[in-house]
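Readers should treat all values here as calculations from the given coordinates under stated rules, not as data from a laboratory. Source: prediction; values computed, not measured. Cβ: placed from backbone, ideal geometry, glycine included. Neighbour counts: every protein chain shown.
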Amino acid sequence: MNLPRIVYKSLRQHILSTTVTAISVALGGGLLMSVWAVKEQSLAAFTGVNAGFDAVLGARGSKLQLVLNAIFHLEASPGNVAWADYQDIQKSPTVDLAIPLAVGDNFHGYRLVGTTPELFSRVEYAPAKHYEVESGGRLFDPTLRETVVGSFAARKLGLKPGDTFHPFHGLTFDEKNQHAETYVVVGILKPSNTPADRVLWIPLAGIQRMSGHDPKAATDVSAVLVKFKASSATAGFQMDLMYNKQGNRLTFAWPIGGVMAELFNKIGWFDRVLALISYLVALVATASILASIYNSMNERRREIAILRALGARRMTIVSAILLEAAAISALGMVIAFGFYATIMTVIAGIIREQTGVVLEPWQFNMVMLWAPAALISLGALAGIIPAFKAYRTDVAEYLTPTS
Amino acid sequence: MTLLQIQNLKKSYVGPEGDRHTVVDVKHFTLAEQEQIALSGESGSGKTTFLNLIAGILKPDSGSIHLAGESMSDLKEPARDRLRARTIGYIFQTFNLLQGYTCLENVLLGMSFGAGVDAAFAEKLLKRVGLGSRLKHYPRQLSTGQQQRVAVARALANRPKLVLADEPTGNLDHQNARQSLTLILEACKENGAALLLVSHDREVLSRFQKVEDLRKLNHASSHMEARK
């Protein structure tokens, strides 16, 4: 019958308040860990995604819009790039690869992106990783109305090789704006866990010459993805100077990660608000430990008096109360990992659906260590006031009525 | 051999109006090892305060309590707690069992602050008091007589030299009271413990060879009577 056993007995005896308090700690802890992990993982994921390229060339406008459009397949294109501009950058001696993209159509909200087969044959979207087509499929023929569908889009749209569909005009789905052209699905991409999974890839000419599109822009592209040669260390600076500072027709978004990091800097206040809310929730949860134990002190005082009469020292009682408070917090933090997994799975699902970026709920983050340590310590601290009350319990008064 | 020796023991309380009331004023009291003494006294005569002073739960205003060779009244609180746990078993009128603990756990809990947990001895004690088949029962699952027997087993758990019993039969019916008292007297003898029992029940007092009248011992009580 040692101290942990006495604490265990007390927790069981007050099972309802123990459970409710532990759950409130779990909610606070789970929220705190989730906010922290989402913040860190999304920063790493969004600034790390570059689809295997160094820069994006697009129409004059916002670099962020350009990157969101060309890399994350979000947002509208800021405008068109003339075919000649594409050819210029493609021929640049510092450029290893320049892949044109054309956007402007969708199928049930999933955007069609026109490009060249080189995107699949030459690009490593991550070190040693190429886009691959699932067995039974193949890449599109650039001269035909064929499509290779990203894995996520294929699953959501229920498309498989051999299926046909009519695209819709615009980047948002409007059933009244259906094109007459029929496209055939010839392959499904293997999951890449990148924004490419949410796209229906078609030949560049497919977008350029889609019925209803402006014939004057039939050779234009929406953006050019640029990869420098390994030896061209200063190419980015030079092109930044040439397109952004000296020129005024085009925008050169470089480096891609830097553009996204700027976005995160701009919305940093939102992170801080979320973090503040989660700190407050954690603090309130800790305060609930204090309230829960403190409120039960009147009924506990008789038990404390009995324990003292049996020979328990004041410090034994104080230790038992502090340990109980820490134990409730620890129990809460065990449950918190369940809440964390649930919250992270839901958020990761939403982010993947909206952006194609994949967050890993169980990827290790330091918050998984410091948050439980902090909340358990705070829980123990919350036990100090009831422990002090227990310390001052008058044994003779609570033991038995004086005869 | 003397186990307990009390000299000039005084304890007073400050009343709600700020006036001080002396509730215990015992000039001299002794108890030999394995001796069994009953203290008679009416309600308000300071019986419980007297026992709590002996147990070291209360600290006297003045005077000395020597228990098993140690001066209880001079010890600091942690040392008094240790001495109480090792030397004294306490049986309360209201039993004071912990409701969240089984019979066996209540007895083991008594051991954990004293001589150390000895599950075999705890079971033996509970069998001795007739609760061998109720080891895992909680107090609420027992009758009042059975609860009192658990309290007796718990009081003997640390092989104490002295058992203090505060109106131990006060909450029991006639038959249970008689059986319980027999058990306390016999169990203390078997375990070599002295017994100091306070009661105002004449039948209980008649079972003791030595009965002290707390009113005569306690000058404070006499003063209060005189004032009345």
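Taking a ≥ b ≥ c as the square roots of the Cα gyration tensor eigenvalues, region B:117-189 comes out oblate, since a/c reaches at least 1.5 and a/b does not exceed b/c.
Rank these for me by crowding, B:Cys103, B:Cys188, going from fewest to most other beta carbons within 10 Å. Let's see the in-between values first.
Numbers: B:Cys103 28, B:Cys188 25.
With the fewest neighbours first, B:Cys103, B:Cys188 line up as B:Cys188, B:Cys103.
Between the Cα long axis of helix A:297-309 and the first principal axis of chain A there is an angle of about 50°, rounded to the nearest 10. Ranking A:Gln87, A:Leu64, A:Ser77 by Cα position along the charge dipole of region A:51-254, where only Lys, Arg, Asp and Glu carry charges on their C-beta atoms, puts A:Leu64 farthest toward the positive end. Relative to the Cα centre, the charge distribution of region B:2-227, modelled as +1 at Lys and Arg Cβ and -1 at Asp and Glu Cβ, gives a dipole magnitude of about 460 debye. Shape call for region B:47-106 from the C-alpha gyration tensor, a ≥ b ≥ c root eigenvalues: rounded (a/c under 1.5), prolate (a/b greater than b/c) or oblate? Prolate is the answer for region B:47-106, as a/c is 1.5 or above and a/b outweighs b/c.
Note on A:Arg392 and B:Asp61: the model spin-label points, each 7 Å out from Cα along the C-beta direction, lie 2.4 nm apart. Placing R0 at 60 angstrom, the Cβ-Cβ distance between A:Glu118 and A:Ile15 gives a FRET efficiency of 0.40 after rounding to 0.05. Taking other C-beta atoms within 10 angstrom as a stand-in for reagent exposure, A:Arg301, B:Arg140 fall in the order B:Arg140, A:Arg301, fewest first. Which shape class, rounded, prolate or oblate, goes with the protein assembly as shown when its Cα gyration tensor gives a ≥ b ≥ c as root eigenvalues, a/c under 1.5 marks rounded, and past that a/b bigger than b/c marks prolate? Prolate is the answer for the protein assembly as shown, as a/c is 1.5 or above and a/b outweighs b/c.
Each residue of region A:171-188 was assigned a 3J(HN,Hα) from its phi angle through the Karplus expression (A = 6.51, B = -1.76, C = 1.60, θ = phi - 60°), giving 8, 10, 6, 9, 5, 7, 9, 7, 7, 7, 4, 10, 10, 10, 6, 10, x, 10 Hz with x at Gly and Pro.
Electrostatic bookkeeping for A:Val81 treats Lys and Arg as +1 and Asp and Glu as -1; over the other residues with beta carbon under 13 Å from its beta carbon, the sum is -1. Largest GNM mean-square fluctuation among A:Ile89, A:Ile293, A:Ile306, using chain A with Cα springs under 10 Å: A:Ile306. Per-residue Karplus couplings for region A:268-280, computed as 6.51 cos²θ - 1.76 cosθ + 1.60 with θ equal to phi - 60°, are listed in order as x, 4, 5, 4, 5, 5, 4, 4, 4, 4, 5, 4, 5 Hz, Gly and Pro entered as x. In the elastic network of chain A, a GNM with C-alpha springs shorter than 10 Å, the most mobile of A:Gly379, A:Gly356, A:Gly311 is A:Gly311.
Using a Gaussian network model of chain A in which every pair of alpha carbons under 10 angstrom is joined by a spring, one finds that among A:Pro191, A:Pro215, A:Pro100 the greatest mean-square fluctuation is at A:Pro215.
For region A:235-243, 3J(HN,Hα) computed residue by residue from phi via the Karplus equation (6.51, -1.76, 1.60; θ = phi - 60°) reads 4, x, 4, 4, 6, 4, 5, 5, 7 Hz, glycine and proline entered as x. Along the axis of the charge dipole computed for chain B (Cβ charges of +1 for Lys and Arg, -1 for Asp and Glu, origin at the Cα centre), the listed residues B:Leu135, B:Ile54, B:Leu185 are led at the positive end by B:Leu135. Extending 7 Å from Cα along the Cβ direction at B:Lys27 and again at A:Ala76 yields two label points whose distance is 10.9 nm. Summing +1 for each Lys or Arg and -1 for each Asp or Glu among the other residues whose beta-carbon sits under 14 angstrom from that of A:Pro117 gives -2. Listed from fewest to most Cβ neighbours within 10 Å, the set A:Met368, A:Met260 follows the order A:Met368, A:Met260. What residues qualify as long-range amide H neighbours of A:Phe107, i.e. H under 5 Å apart, gap of 5 or more or another chain, H built at 1.01 Å from N? Sorted by chain and number, the residues that satisfy this are A:Leu112, A:Phe168.
Applying the criteria of a DSSP loop state and at most 14 other Cβ atoms within 10 Å to the trypsin sites (Lys or Arg not before Pro) of region A:320-403 yields A:Arg392.
The residue among B:Thr102, B:Pro168, B:Ile37 whose Cα reaches farthest toward the positive pole of the charge dipole of region B:2-227, with charges on the beta-carbon of Lys, Arg, Asp and Glu, is B:Thr102. The stretch between A:Glu299 and A:Thr219 holds 20.5 nm of extra length on full extension. This uses 0.36 nm per residue minus the Cα-Cα distance.
Look at the stretch A:302-309: the mean tally of other chain Cβ atoms within 10 Å of its residues' Cβ atoms is 6.
From the alpha carbon centroid of region A:44-74 to that of region B:129-194 is 82 Å.
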